[in-house]
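K.L.:
Okay, handing you the structure first.
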Amino acid sequence: MKPGLDAQVRAWRERLRALKNLPPVVALLWNSGRALVATEVSLRFISALIPVTALWVSKLIIDAVVAASKGHQIPATRIWILLGAEFLLAAIGTLVGRGIDSPRSAAHDRHTEIGQLIRQLPRHLQPIVRRHA
């Protein structure tokens with residue numbers, strides 16, 4: 001095997017082995033805040049659908065322009081509605097992208113607060129609280 005290919009195979013094997021850590025991480029996240037995890041997963045799903053939907057609307061716009069160039073009557077309102085839908089999808093994509101960052105930031109802030117509270121406890125109580133936090 002070529003050296004570059006061998007390195008790529010090793011890298012992929014390491015990535016696949018790292019996937020075994022995924023279930024405990026997901027469980028930890030789920031137990032730390034179900035609402036935050038559900039919100040983030042939902043927003044990521046919506047975020048994944050927006051580009052596909054935008055491509056579909058773009059296809060409809062192109063189809064309408066091609067049909068108009070061949071002499072078919074296409075109402076101008078149809079083109080404007082499709083252009084408005086394209087703009088709306090871009091705006092929703094931006095808002096969803098910001099929405100994805102918000103729960104992550106909230107979770108980070110929550111864990112930072114907990115860590116600060118634990119550090120303020122007397123030293124002999126910190127290990128007990130960490131086990132139950």
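Laboratory data are not the source of any read-out in this text; all were calculated from the coordinates shown. Note that the coordinates shown come from a computational prediction; the quantities given were computed from them, not determined experimentally. Cβ: placed from backbone, ideal geometry, glycine included. Neighbour counts: every protein chain shown.
K.L.:
Leaving out same-chain residues fewer than 8 places away, which lysines sit with a Cα under 25 Å from that of LYS70?
P.N.:
LYS59
K.L.:
Determine the sum of side-chain charges near GLN8: Lys and Arg each +1, Asp and Glu each -1, restricted to other residues whose C-beta is under 12 angstrom from that of GLN8.
P.N.:
Details: positive: LYS2, ARG10, ARG13, ARG15; negative: ASP6, GLU14.
Counting the neighbours of GLN8, the net charge comes to +2.
K.L.:
Which ³J(HN,Hα) values, rounded to whole Hz and listed in residue order, are derived for the range 38-52 from phi using the Karplus coefficients 6.51, -1.76 and 1.60 in 6.51 cos²θ - 1.76 cosθ + 1.60 with θ = phi - 60°, glycine and proline given as x?
P.N.:
Each residue of the range 38-52 in turn: 4, 5, 5, 5, 4, 5, 5, 5, 4, 4, 6, 7, 4, x, 5 Hz.
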